[in-house]
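The values are calculated or read from the model by the stated rules, or taken from the named source; none is laboratory data. Small disclaimer: the values here were computed from a predicted structure and weren't measured. When we count neighbours, we look across all protein chains shown, and the Cβ atoms used for this are built from the backbone with ideal geometry, even at glycine. The protein model used for the area step is the full one, side chains on, heavy atoms only, and it has no ligands, DNA or RNA in it. Shrake-Rupley method; radii C 1.70, N 1.55, O 1.52, S 1.80 Å.
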There are 2 protein chains.
Amino acid sequence: MSAENLKQQIEFINELDKLKSVYRQTMVKSENSRQENSAEHSWHIAMMATLLVDYVSKPVDIHRVTIMLLIHDIVEIDAGDAFVFDANQVAGQEDKEIKAAERLFGLLPECQRDYVMALWQEFEALETHDARFAKAMDCMLPLLQNMDNNGGSWSKHSISRAQVLKRNQYLESVAPELHEYALSQIDLAVEKGWLKP
Amino acid sequence: MSAENLKQQIEFINELDKLKSVYRQTMVKSENSRQENSAEHSWHIAMMATLLVDYVSKPVDIHRVTIMLLIHDIVEIDAGDAFVFDANQVAGQEDKEIKAAERLFGLLPECQRDYVMALWQEFEALETHDARFAKAMDCMLPLLQNMDNNGGSWSKHSISRAQVLKRNQYLESVAPELHEYALSQIDLAVEKGWLKP
């Protein structure tokens with residue numbers, strides 16, 4: 001590797017620090033329910049994917065999935081986090097994220113830029129089994145967090161059962177046993193009044 | 001996997017949320033220099049190891065290194081973070097972390113408990129090349145962060161050149177080019193008055 005490559009890599013590593021100040025709607029229970037940031041969320045889902053990989057219906061490459069999850073939110077440094085249940089926030093987010101990917105991954109040396117960009121595009125396209133398992137983890141973790149925190153962001157934003165069911169649709173094909181579990185939790189959330197029926 | 005296994009895994013995943021409220025001495029530059037927590041730090045070094053793996057002097061298994069870095073601070077949920085340059089804080093930390101590992105990893109189903117415990121112990125023992133590269137990343141990232149933030153926690157706690165040199169000793173054998181870079185940055189930090197000579 002050249003000195004110029006290292007300089008670019010370090011600039012990118014320094015830039016990543018900014019993901020620690022992009023806040024999501026999900027709350028951190030242990031800290032009097034402050035909002036979670038996208039850096040700590042990325043760590044949490046990478047851990048979750050590692051722990052739940054044995055539930056997949058077809059084999060996945062867990063290293064690719066892990067890296068996909070570690071990088072999937074980096075674009076939010078420029079594009080911000082759009083609350084998935086807010087249609088106004090979601091509209092226009094795709095364009096913002098594509099521009100963000102070009103600028104941010106563009107900080108890297110060419111070979112790494114291409115690798116990271118391709119992995120992020122694969123995650124977004126949701127066509128491969130690796131990407132669908134990664135996405136399923138990204139959607140299931142907030143469900144666990146809200147269930148563990150009296151409804152969390154669901155209660156706060158009056159989210160419905162149908163919205164959460166749709167959000168967790170990929171679980172059914174990638175990890176049926178986890179999908180069954182998610183369904184039972186969604187029922188319980190409705191019963192407790194954390195989700196609208 | 002059994003329903004009992006899934007219940008244990010989900011309990012562990014929920015417990016991980018607490019790492020987001022364990023605070024370290026390193027500061028987050030983008031957010032008016034608040035202290036960084038160990039969950040977002042774990043994400044950042046896993047990213048860094050992925051990006052800098054080509055500098056290793058001997059091959060490493062980057063997946064093992066990544067998981068090692070994702071789990072290396074989990075024990076801090078019970079044991080807290082000891083500031084590495086504070087001898088009083090470091091004394092007794094090992095015993096606290098061993099107890100923490102037993103309780104926390106003990107939440108997992110047996111096969112995963114053994115896997116995670118063994119990987120954490122390998123990281124702590126610093127005998128394998130994978131563990132030394134992981135540790136080198138764990139030590140080098142705060143150096144980059146402090147250099148990018150006017151001396152950060154070094155300036156705040158009057159840290160010396162010798163302390164940082166010792167802290168980054170593993171870089172020399174695992175990634176000589178990165179060690180050279182770290183040395184040049186340490187010189188620059190002394191010049192700028194961020195480290196005591």
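Across all directions, the shadow cast by the convex hull of the protein assembly as shown built on its C-alpha atoms averages 18.5 square nanometres. Using a 7 Å projection from Cα along Cα-to-Cβ, the label point at A:Arg161 is separated from the same position in the remaining copies by 6.9 nm, smallest value first. Placing a label point 7 Å from Cα along the Cα-to-Cβ direction at B:Gly92 gives distances to the equivalent points in the other copies of 5.5 nm, listed shortest first. In terms of accessible area, using a 1.4 Å probe and ignoring ligands and nucleic acids, B:Glu124, B:Glu102, A:Glu122 rank largest first as B:Glu102, B:Glu124, A:Glu122. Using a 1.4 Å probe over protein heavy atoms, the accessible area lost on pairing A with B, summed over both chains, comes to approximately 4600 Å². At a probe radius of 1.4 angstrom, the accessible area of region B:3-191 per residue rounds to 40 square angstrom. Surface composition of the protein assembly as shown: carbon plus sulfur atoms hold 48% of the accessible area, using a 1.4 angstrom probe and ignoring ligands, DNA and RNA.
Taking the Kirkwood radius as Rh and the Cα radius of gyration as Rg, region A:3-191 has a ratio of Rg/Rh equal to 0.97. In order along region B:151-164, phi translates into HN-Hα couplings of x, x, 5, 4, 4, 4, 10, 6, 7, 9, 3, 4, 5, 6 Hz, rounded to whole numbers, per the Karplus curve 6.51 cos²θ - 1.76 cosθ + 1.60 with θ = phi - 60° and x for Gly and Pro. For region B:68-83, backbone phi angles converted through the Karplus equation (6.51, -1.76, 1.60; θ = phi - 60°) give residue-by-residue couplings of 3, 6, 5, 9, 4, 9, 4, 4, 5, 4, 9, 8, x, 9, 9, 5 Hz, Gly and Pro being listed as x.
Compared with the dominant principal axis of the Cα atoms in chain A, helix A:3-16 is inclined by about 20°.
The mean number of partner chain beta-carbon atoms within 10 angstrom of a residue's beta-carbon across peptide A:7-14 is 5. Only helices enter the 222 nm calculation for chain B: every DSSP H run of n ≥ 4 contributes -39,500 (n - 2.57), and dividing by all residues gives -20000 deg cm²/dmol, rounded to 500.
Distances from A:Ser33 to itself in the other copies, using label points 7 Å out along the Cα-Cβ axis, amount to 3.3 nm in increasing order. Shielding value for A:46-57 is 5, the average number of Cβ atoms from other chains within 10 Å of each residue's Cβ. Residues within the reach of a label modelled at B:Ala162 (point 7 angstrom out along Cα to beta-carbon, backbone nitrogen below 18 Å), restricted to region B:67-93, are B:84-88.
In order along region A:99-113, the phi-based Karplus estimate (6.51 cos²θ - 1.76 cosθ + 1.60, θ = phi - 60°) of 3J(HN,Hα) comes to 4, 5, 4, 4, 5, 6, 5, x, 6, 7, x, 3, 5, 6, 4 Hz; Gly and Pro are listed as x.
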